[in-house]
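Colleague: Can you read through this structure? Questions will come right after.
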């Protein structure tokens, strides 16, 4: 019986120890709450690496307002419940800002905590609903589907000129949000959606899904799922002899997906908000720095994390002091250009919902590499083919 | 109709892999009463072993053989001596719990120690499609099915036709009599573990190109193998293959014709019916209750 | 209970009452989380530890309880109606499941409960109109008791603590009653119990259903604690974890669930400093625990006692042998 008492007391002490720590006056504490295992491991790890690279650079050049940044990373295991708990913990730790989670399903749940505590929360999530909750403390590091999908739809009907399309989507916040947005965007176009094929996160066998797409006789397929599943979809499409257009969004042609799908990825076309292959000097510089530091090529999540930190820096410098509320307010009208802050990677503008607006790209996978085939301006305007 | 056949065939291929894993599962149960909840991880680990050998430049065949050797030692001998033997006398449940703990440890050890991400795995068969009467079949489906079938029958033949195999059967049926007859019981049990290891490596070779090598690839595979083993019959080796095929085909058909969301339910329903009405499985023999 | 145990119990009770006052949000949340699992594990302990039934589907009842409360509250019904509803529904489902499932032999019962769990999880995941599917149910409110809001983490903690104590006392009473004795008889030797007239069927059914009801209550408390539920925590993996908690604590030991839940919930938290390795350590610890302590952590005192007794007995035997030898030696 004694042993149990001791165990209990140790438990209480450990909990006490882990539950609190005072805000150090001379550092800016940032909580990095990301997926390091589970379905989101690829996305989360890249995001984290981007964040840490940016922090390292900023600290090396003197920090923000003279103070160094300190990051604490924790693993959500791609589980929204865990993400929520970790966000609570970050709140207890009195951090200045929270970065992550990346997965839409997780941020949808955890942002209630950062909102309650009035702490700026940057996310890599892309689901449209994230910025429709009226939360003044949530900020994106990538497009919302509400902005991205119309661009994709325009490509599908105007440039690829497809009469019909089958949609393979993943059944979660991210995938469903995308499905709703692309359907809405295609409503007024000449392309008809002839199949909506639901798949699961973590699904390994896509033979039935691809078969359904074939059965629908669509002119092309729009594949919208997370990284690993996208790779499997591409492989299955190749396996079953699909030779019609395969169109997607950023997650379809990421570096990791290309690596996993191999040959099967060639020919896939995607609308990409962020790509390390973009022909912009700021991005080229980032790509080289990331590869030097981590010995592999970053994906778009690395760019999200990296540019997110620089966004925060720009906002803090605009306000001039370390005030979370003021920074959040400043974010809603923030405009940063790469001339002033190359770390931001692309000229960006934020709006009252926490959404951002930038250029984007149409990318095609050729010979196992992403190749930018067109640059799309922020909101409106026609696609401009890239001059090499 | 062609769609149905297509789904049927690709389901057979997947099912054959489930059957391989289920067969090893059944063997372990028969030989030592071990219910190995880490069976999925037993397939995952060799997948990464092979990847490691491949990264050192070894060709696929060599990597396979080397992995088999390592697997027999680690997943066979070490597993048996380290976990099963000490817990044998305490009954079934401690072994179950220990293998659950083992699966958690293996999964997360790999995640932390090596990589949390998915890795591509070379396919044994080139990407070729055959079109027979409107049905598209891939070479890899046919090859996988053929190979898995061959392995199962080889194992079956070994167990029923060789002296060692018969000795293993004797040990499974009645350990005391077997030892009285002079059979080296511990060694026979070890052989069962060794065969399980070999089958697991084979399953890894066949399934990883599609699944992609990742630390959690074993989870769903382990579950399916488990269902397959029960459905087919826990105490019959051929049952394992039958169970695997049933699960593989039904899943595919359900995903296409009923609903992708409930595809897991089909195997489950069959499983439940079997459990409640014919617990010994479709091909199993009823086990008598010992008083 | 001897005096040492009584003292230990008192210290623990005081700690549970006082320590949370000094903890921050996350710490209180963790303790509440632990208590919820203690309740669920108590139920499973009854089924597995005392009645000897191998149930691997406990998380399904946990989930049914959680979703019942969440759905009812979203429909405007009070938590105080939802809680007993959850317990009742789980009890009934437990009986319905138990009826066919308990006819089969032990290990097959484990499989049947596993299958049941998967089925329930599938329904939770797919029936979006009812359960919100993979998106789950968000923003579950916390109830108010007699005008006092339990919204705050500390207040809710004390509520959960009170429920846990209440349910523990209930279980204690149950185990001391003739019913409890019948359960234990079933576990130790079902055939002998049957020959003595104990109706195996109805007692195993009852232990199963009561265990399920406990899980249902725990699930209801869980829903309001985390305020967001989705199917993942109620999958087979969670059932297996709960089973682990019972076994690690010590099946059939009354306080086993306290330790078991601590190992299952708090241990991964302490080990978080080990970053990515903590689950590995946890898994390895479970394996080692099984090899050295197959009867769970609480069997340690019993083992020490058994060793002492064995030593005493062999010493006595040696002394007796010596004196016998002396006696015979004297006469020889």
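Colleague: In the range A:112-127, which residue that is buried (at least 24 other Cβ atoms within 10 Å of the Cβ) and not in a loop (DSSP other than H, G, I, E, B) is nearest to the other protein chains (Cβ to nearest Cβ)?
Modeller: Residue satisfying both the conditions and the ranking: A:114.
Colleague: Just to verify a result, which residue in the range A:261-277, among those that are assigned to a loop (DSSP other than H, G, I, E, B) and over 24 Å from residue A:157 (Cα atoms), is nearest to the other protein chains (Cβ to nearest Cβ)?
Modeller: So the first thing to find is which residues in the range A:261-277 are assigned to a loop (DSSP other than H, G, I, E, B), and the list is A:266-268, A:273-277.
Still in the running and over 24 Å from residue A:157 (Cα atoms): A:276-277.
Working: A:276: 17, A:277: 20 Å.
The extreme case among them is A:276.
Colleague: Could I ask something else about it? Taking residue A:362 as meeting all but one of (1) part of a loop (DSSP other than H, G, I, E, B); (2) farther than 16 Å from residue A:281 by Cβ, write down the number of the exception.
Modeller: If we test residue A:362 against (1) part of a loop (DSSP other than H, G, I, E, B); (2) farther than 16 Å from residue A:281 by Cβ, just (1) comes out false.
Colleague: For the range A:59-92, which positions are more than 22 Å from residue A:320 (Cβ to Cβ) and in a strand (DSSP E or B)?
Modeller: Hits for the range A:59-92 are A:71, A:72, A:73, A:74, A:75.
Colleague: Just give me the residues in the range A:179-202 being within 30 Å of residue B:141 (Cβ to Cβ), part of a loop (DSSP other than H, G, I, E, B) and either away from chain B (no Cβ under 11 Å) or touching a helix residue (DSSP H, G or I) at 6+ places or on another chain (Cβ under 6 Å) (or both), in sequence order.
Modeller: A:201, A:202
Colleague: If I ask for residues that are more than 16 Å from the chain's Cα centre (by Cα) and crowded, with 24+ Cβ neighbours inside 10 Å, which ones from the range A:89-108 would you list? Can you show your working first?
Modeller: Start the filter on the range A:89-108 by keeping residues that are more than 16 Å from the chain's Cα centre (by Cα), which leaves A:89-97.
Correct list: A:89, A:90, A:95, A:97.
Colleague: So, restricting to helices (runs of 4 or more DSSP H) that lie completely within the range C:118-219, which ones have at least 1 residues that are in contact (Cβ under 8 Å) with a residue 24 or more places away in the chain, under 30 Å from residue B:266 (Cα atoms) and in contact with a helix residue (DSSP H, G or I) (Cβ under 8 Å, 6 or more places away or on another chain)? Outline the logic, then answer.
Modeller: Details: elements: C:128-131, C:153-176, C:178-188, C:190-195.
Qualifying helices (runs of 4 or more DSSP H): C:128-131.
Colleague: Would you pick out the residues in the range B:9-58 that are in contact with a strand residue (DSSP E or B) (Cβ under 9 Å, 6 or more places away or on another chain) and within 14 Å of chain A (Cβ to nearest Cβ)?
Modeller: Initial filter on the range B:9-58 (in contact with a strand residue (DSSP E or B) (Cβ under 9 Å, 6 or more places away or on another chain)): B:9-10, B:13, B:44, B:47-48, B:50-51.
Within the range B:9-58, B:9, B:10, B:13, B:44, B:47, B:51 qualify.
Colleague: Residue check: is residue B:124 in contact (Cβ under 8 Å) with a residue 12 or more places away in the chain and over 18 Å from the mean Cα position of the chain (by Cα)? Even if it seems obvious, please write down each step before you answer.
Modeller: Details: in contact (Cβ under 8 Å) with a residue 12 or more places away in the chain: yes; over 18 Å from the mean Cα position of the chain (by Cα): yes.
Yes; evaluated as a whole, the condition is true for this residue.
Colleague: Further, regarding this structure: Of the residues A:325, A:366, which single one is touching a residue at least 60 places away in the same chain (Cβ under 8 Å), surrounded by fewer than 19 Cβ atoms within 10 Å (Cβ to Cβ) and more than 19 Å from residue A:253 (Cα to Cα)? Please lay out each step first, then the result.
Modeller: On the way: A:366 fails: more than 19 Å from residue A:253 (Cα to Cα).
Just a single option satisfies the conditions, and that option is A:325.
Colleague: Would a scan of the range A:156-165 turn up a residue that is part of a helix (DSSP H, G or I), in contact (Cβ under 8 Å) with a residue 60 or more places away in the chain and buried (at least 24 other Cβ atoms within 10 Å of the Cβ)?
Modeller: Within the range A:156-165, one or more residues are part of a helix (DSSP H, G or I), in contact (Cβ under 8 Å) with a residue 60 or more places away in the chain and buried (at least 24 other Cβ atoms within 10 Å of the Cβ).
Colleague: Of (1) part of a helix (DSSP H, G or I); (2) surrounded by fewer than 21 Cβ atoms within 10 Å (Cβ to Cβ), residue C:240 satisfies all except one. Which?
Modeller: (2)
Residues are listed down the side, and each one gets a yes or a no for (1) modelled with pLDDT of 85 or more; (2) within 16 Å of the chain's Cα centre (by Cα); (3) within 9 Å of chain B (Cβ to nearest Cβ):
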residue	(1), (2), (3)
C:245	yes, yes, no
C:250	no, yes, no
C:269	no, no, no
C:285	no, no, yes
C:289	no, no, yes
C:294	no, no, yes
C:297	no, yes, no
C:325	no, no, no
C:328	no, no, no
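Colleague: Limited to the range B:263-277, what total is found for residues that are surrounded by fewer than 19 Cβ atoms within 10 Å (Cβ to Cβ) and more than 7 Å from chain C (Cβ to nearest Cβ)?
Modeller: Within the range B:263-277, the first condition is being surrounded by fewer than 19 Cβ atoms within 10 Å (Cβ to Cβ), and the residues that meet it are B:269, B:273, B:276-277.
With more than 7 Å from chain C (Cβ to nearest Cβ) added as a condition, the list becomes B:269, B:273, B:277.
Of the residues in the range B:263-277, 3 are surrounded by fewer than 19 Cβ atoms within 10 Å (Cβ to Cβ) and more than 7 Å from chain C (Cβ to nearest Cβ).
Colleague: Which residues, counting only those in the range A:35-48, are within 12 Å of another protein chain (Cβ to nearest Cβ) and in a helix (DSSP H, G or I)? Before the answer, list the steps.
Modeller: Of the residues in the range A:35-48, the ones within 12 Å of another protein chain (Cβ to nearest Cβ) are A:35-46, A:48.
Selection gives A:38, A:39, A:40, A:41, A:42, A:43, A:44, A:45, A:46, A:48.
Colleague: Tell me which residues, restricted to the range A:132-143, are in a helix (DSSP H, G or I) and at pLDDT 90 or above. Even if it seems obvious, please write down each step before you answer.
Modeller: First, pick out the residues of the range A:132-143 that are in a helix (DSSP H, G or I): A:132.
Within the range A:132-143, none qualify.
Colleague: Could you tell me which of the residues B:62, B:78, B:72 is touching a helix residue (DSSP H, G or I) at 6+ places or on another chain (Cβ under 6 Å), surrounded by fewer than 22 Cβ atoms within 10 Å (Cβ to Cβ) and assigned to a helix (DSSP H, G or I)?
Modeller: Step by step, each of B:62, B:78, B:72 is checked, and only B:72 is touching a helix residue (DSSP H, G or I) at 6+ places or on another chain (Cβ under 6 Å), surrounded by fewer than 22 Cβ atoms within 10 Å (Cβ to Cβ) and assigned to a helix (DSSP H, G or I).
Colleague: All but one of (1) within 28 Å of residue A:133 (Cβ to Cβ); (2) within 13 Å of chain B (Cβ to nearest Cβ) hold for residue C:112, so report the exception by its number.
Modeller: Failed condition: (1).
Colleague: Just checking: which of the helices (runs of 4 or more DSSP H) contained wholly in the range B:83-197 hold 1 or more residues that are crowded, with 22+ Cβ neighbours inside 10 Å and more than 14 Å from chain C (Cβ to nearest Cβ)? Please lay out each step first, then the result.
Modeller: Working: elements: B:92-113, B:139-161, B:163-173, B:175-180.
Hits in the range B:83-197: B:139-161, B:163-173.
Colleague: Take the residues of the range B:211-222 that are touching a helix residue (DSSP H, G or I) at 6+ places or on another chain (Cβ under 7 Å) and part of a helix (DSSP H, G or I): which is surrounded by the most Cβ atoms within 10 Å (Cβ to Cβ)? Working first, answer last.
Modeller: Step one: filter the range B:211-222 for residues touching a helix residue (DSSP H, G or I) at 6+ places or on another chain (Cβ under 7 Å), giving B:211-213, B:215-219, B:221-222.
Remaining after also requiring part of a helix (DSSP H, G or I): B:211, B:217-219, B:221-222.
Values: B:211: 24, B:217: 25, B:218: 27, B:219: 18, B:221: 25, B:222: 22.
Looking at residues that are touching a helix residue (DSSP H, G or I) at 6+ places or on another chain (Cβ under 7 Å) and part of a helix (DSSP H, G or I), I get B:218.
Colleague: Tell me, which residue of the range C:220-237 that is assigned to a helix (DSSP H, G or I) and within 14 Å of chain B (Cβ to nearest Cβ) is nearest to residue C:299 (Cα to Cα)?
Modeller: Per the stated criteria, the residue is C:237.
Colleague: Scan (1) at pLDDT below 90; (2) surrounded by fewer than 19 Cβ atoms within 10 Å (Cβ to Cβ); (3) within 18 Å of residue A:273 (Cβ to Cβ) for the single condition residue A:358 breaks and write down its number.
Modeller: Every listed condition holds for residue A:358 apart from (2).
Colleague: With respect to residue B:206, is the statement that it is within 14 Å of chain A (Cβ to nearest Cβ), surrounded by 19 or more Cβ atoms within 10 Å (Cβ to Cβ), part of a helix (DSSP H, G or I) and modelled with pLDDT of 90 or more true?
Modeller: On the way: within 14 Å of chain A (Cβ to nearest Cβ): yes; surrounded by 19 or more Cβ atoms within 10 Å (Cβ to Cβ): yes; part of a helix (DSSP H, G or I): yes; modelled with pLDDT of 90 or more: yes.
Judged against the criteria, residue B:206 is a match.
Colleague: Is it the case, given these coordinates, that residue A:169 is touching a residue at least 40 places away in the same chain (Cβ under 8 Å), under 25 Å from the mean Cα position of the chain (by Cα) and in a helix (DSSP H, G or I)? Explain how you work it out, then say what you get.
Modeller: Details: touching a residue at least 40 places away in the same chain (Cβ under 8 Å): yes; under 25 Å from the mean Cα position of the chain (by Cα): yes; in a helix (DSSP H, G or I): no.
The answer is no for residue A:169.
Colleague: Within the range C:32-45, is there a residue that is assigned to a helix (DSSP H, G or I), within 11 Å of another protein chain (Cβ to nearest Cβ) and either under 29 Å from residue A:86 (Cβ atoms) or modelled with pLDDT under 85 (or both)?
Modeller: At the first step, the residues of the range C:32-45 found to be assigned to a helix (DSSP H, G or I) are C:32-45.
Those still in the list that are within 11 Å of another protein chain (Cβ to nearest Cβ) too: C:33-34.
Narrowing the set further to residues that are either under 29 Å from residue A:86 (Cβ atoms) or modelled with pLDDT under 85 (or both) leaves C:33-34.
Scanning the range C:32-45, I find at least one residue that is assigned to a helix (DSSP H, G or I), within 11 Å of another protein chain (Cβ to nearest Cβ) and either under 29 Å from residue A:86 (Cβ atoms) or modelled with pLDDT under 85 (or both), so the answer is yes.
Colleague: Here is a follow-up. Out of the residues in the range B:271-285 that are in a helix (DSSP H, G or I) and touching a residue at least 40 places away in the same chain (Cβ under 8 Å), which is nearest to the chain's Cα centre (by Cα)? Break it down stepwise before answering.
Modeller: Let us first name the residues in the range B:271-285 that are in a helix (DSSP H, G or I), namely B:271-277.
Right, trim to touching a residue at least 40 places away in the same chain (Cβ under 8 Å) and you get B:271, B:274-275.
Values: B:271: 17, B:274: 20, B:275: 20 Å.
Within the range B:271-285, the match that is nearest to the chain's Cα centre (by Cα) is B:271.
Colleague: Between C:100, C:84, which is within 13 Å of another protein chain (Cβ to nearest Cβ), part of a helix (DSSP H, G or I) and surrounded by fewer than 20 Cβ atoms within 10 Å (Cβ to Cβ)?
Modeller: Working: C:84 fails: within 13 Å of another protein chain (Cβ to nearest Cβ).
Exactly one of C:100, C:84 is within 13 Å of another protein chain (Cβ to nearest Cβ), part of a helix (DSSP H, G or I) and surrounded by fewer than 20 Cβ atoms within 10 Å (Cβ to Cβ), namely C:100.
Colleague: Suppose we keep only residues that are more than 7 Å from every other protein chain (Cβ to nearest Cβ) and not in a helix (DSSP H, G or I) within the range C:1-31. Which one would you say is nearest to residue C:63 (Cα to Cα)?
Modeller: C:1
The values are calculated or read from the model by the stated rules, or taken from the named source; none is laboratory data. Because the structure is predicted, anything quoted here is derived from the model rather than measured. Because the Cβ atoms are built from the backbone with ideal geometry, glycine has one as well, and the counts that use them run over all protein chains shown.
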